[in-house]
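Visitor: One structure coming up, written as structure tokens, with questions to follow.
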Amino acid sequence: MERPDILLMLQEGLPDDIESEVRAQLDRPGLELVVIRQPGGPYAGVELYLPTAIGLFVAAGFFNGVLQEAGKDAYVAFKVTATALWKRAAKLNVNVFGSVGKVKPTRRYSLAYSVTGEVLPNLNFKFLIQTEVSVDDAETGISAFIDLINDIINDRVGEEDLKALLTYRPVGGTVLVTFDAASRTIVPVNAFDDRNP
């Protein structure tokens, strides 16, 4: 099997219609979609780097290859799909277990949903959605993140702007980012700020 353009990761036990809806929305010639069902845990590690219940991964090849074949509507369809998945995930209740004193009673970022975009081999940006976010800000943030990945891959992001996104050292080749509603931009996230209650 060839490397997929888009990978949908679903926690085991989630409804099958999530997969069928994504397949229907992204069915395009030349677009390779793979779905993986992952166990619900337990996992050990820094919380924000762990898999979310629903996760989308988009390879760099989607932006610099597939779109030429599948057309601009594939780009729009991916954005619509990413937003629809967030709406499904927002209704999920994800439980977290851990040692006493190591698990926060409230979460700043959703453990139910994330989108990851590959910009280079071994360098990915993972978009985290805040738990207290309006529908408009969530939708705007998802769209802005997908545009950002496309712009990075197509060399439309200045060196200083890219450097600002890399404020925190990538862990396992992953840079965490989120949408800042005040500035209306994608900003870096320090996963280690959220580690201890």
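The values are calculated or read from the model by the stated rules, or taken from the named source; none is laboratory data. Source: prediction; values computed, not measured. Glycine also receives a Cβ, built like all others from the backbone with ideal geometry; neighbour counts cover every protein chain displayed. Calculation scope for accessible area: heavy atoms of the full protein, side chains included, ligands and nucleic acids excluded. Shrake-Rupley method; radii C 1.70, N 1.55, O 1.52, S 1.80 Å.
Visitor: On full extension of the chain, what length is gained from I36 through S143, given 0.36 nm per residue of separation minus the C-alpha to C-alpha distance?
Guide: Length difference between fully extended and current span is 36.2 nm.
Visitor: Cβ under 13 Å from R37's Cβ, R37 left aside: what net charge do those residues give with Lys, Arg +1 and Asp, Glu -1?
Guide: -3
Visitor: Please report the spacing between the Cα centers of the range 149-167 and the range 3-60 in Å, no decimals.
Guide: Using only Cα atoms, the two centres lie 25 Å from each other.
Visitor: If you don't mind, there's one more thing I want to ask. So which trypsin sites (Lys or Arg not before Pro) in the range 113-179 are both in a DSSP loop and have at most 13 other Cβ atoms within 10 Å of their Cβ? Could the numbers behind the result be given before it?
Guide: Working: sites: K126, R156, K163; in loops: R156.
Those that pass, being in a loop and sparsely packed, are R156.
Visitor: Add -39500 (n - 2.57) for each DSSP H run of 4 or more in the chain, then divide by its residues: what number comes out at 222 nm, to the nearest 500 deg cm²/dmol?
Guide: Only helices count here, giving -9500 deg cm²/dmol.
Visitor: Let me ask something additional. Using a 10 Å cut-off on Cβ atoms, rank the peptides 52-61, 8-17 from the highest mean neighbour count down.
Guide: Order by mean packing, descending: 52-61, 8-17.
Visitor: Then there is this: Amide H neighbours of I129 under 5 Å, at least 5 residues apart or on other chains, H built in the peptide plane: list them.
Guide: Close amide H contacts, sequence-distant or interchain: S110.
Visitor: OK, next. Please give the contour-minus-distance gain from A24 to V171: 0.36 nm per residue of separation, less the Cα-Cα distance, rounded to one decimal in nm. Working shown, then result.
Guide: Working: separation 147, 0.36 × 147 = 52.92 nm, distance 3.37 nm.
Full extension from A24 to V171 adds 49.5 nm.
Visitor: Using only the alpha carbons of the chain, what is the convex hull's orientation-averaged projected area in square nanometres?
Guide: In nm², the orientation-averaged hull projection of the chain is 11.2.
Visitor: Quote the accessible area belonging to E47 in square angstrom, nearest 10, computed with a 1.4 Å probe and with ligands, DNA and RNA left uncounted.
Guide: The value for E47 is about 60 Å².
Visitor: Each label point is 7 Å from the Cα along the Cα-to-Cβ direction; what then is the distance between the points at A164 and V187, in nm?
Guide: 1.0
Visitor: Leaving out same-chain residues fewer than 8 places away, which aspartates and glutamates sit with a Cα under 12 Å from that of K87?
Guide: Result set, ordered by chain and number: D136, E139.
Visitor: Would you kindly calculate the translational diffusion coefficient of the range 117-197, applying Stokes-Einstein with the Kirkwood radius from alpha carbon pairs, for 20 °C and a viscosity of 1.002 mPa s, and quote it in µm² s⁻¹ without decimals?
Guide: Details: Rh = 13.2 Å.
Estimated via Stokes-Einstein, D reaches 163 µm²/s.
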